[in-house]
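Input: a single structure, listed below in structure tokens.
Every read-out reported here was derived from the displayed coordinates using simple, explicitly stated rules and does not represent laboratory data. None of the values given here were measured: they were computed from a predicted structure. Glycine also receives a Cβ, built like all others from the backbone with ideal geometry; neighbour counts cover every protein chain displayed.
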Amino acid sequence: MAWVAIGALFGLAMCGLWALTSKVRTTSGQSRAKRRTDARPLTRAALLIAIGTVGVLLAGIIVFLVAIDLRGATSEGSTTAATTTPTAAGVQRPPAKPVTILVLNASGFAKPAADIVGVLRGMGYTISATVTSPVRATSAVQCQDGFADDAAWIVYLMGTTTANEVFPDPPPPEAVNVNCIVTVGKQT
């Protein structure tokens, strides 16, 4: 949505420049005396267009920042009800709640796990640790009871090769006080 606003602002600026160049073209064939009298309106028009463009840009930035702020986490005292976001696959983002995740890097490379950690943190999840584990062909998400919605959402984020598995019993030693374990395999 922000790209539409940026495109509209760019188009507005281009229209202003086109108007200025057409004004210059129409006055270039006139006599010196006539051009001197037209110089002031041209300067005034350029100033008005510049001020208008800056004003529209500032308004667009403010609207963009407000939209980002409204999408962020709600404050503790908020009375706004939590909502879910429908997706194309029918999976819905669960309402915000504290979820702690252990990330197991079973890809054999650092970047895939770091990318997943960045996405999960960006979605508001708490990462307890990232631990290297034996290489595994596919990725998996394992969540405790009560976190099935989060498991489905994380599987959706990670892609179709990710399995939604049962939380291990007993959990690995690194998984103390975590709600989910995300294993990043080779095919992430």
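Quick rundown of the values:
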{"read-out": "Label-point separation, A148 to A50 (7 Å along Cα→Cβ), nm", "value": "6.3"}
{"read-out": "Peptides ranked, highest mean first, by Cβ atoms within 10 Å: ranges 48-59, 110-121", "value": "110-121, 48-59"}
{"read-out": "Model label zone, T132; criterion: amide N under 19 Å from point 7 Å along Cα-to-beta-carbon; scope region 162-188", "value": "173-175, 182-188"}
{"read-out": "Label point distance in nm, T100-A59, each placed 7 Å from Cα along Cα→Cβ", "value": "4.9"}
{"read-out": "Linear extension gain, D169 paired with R121, 0.36 nm per residue minus alpha-carbon span", "value": "14.7 nm"}
{"read-out": "Within-15-Å neighbourhood charge of C143 [Cβ basis; K, R +1; D, E -1]", "value": "-3"}
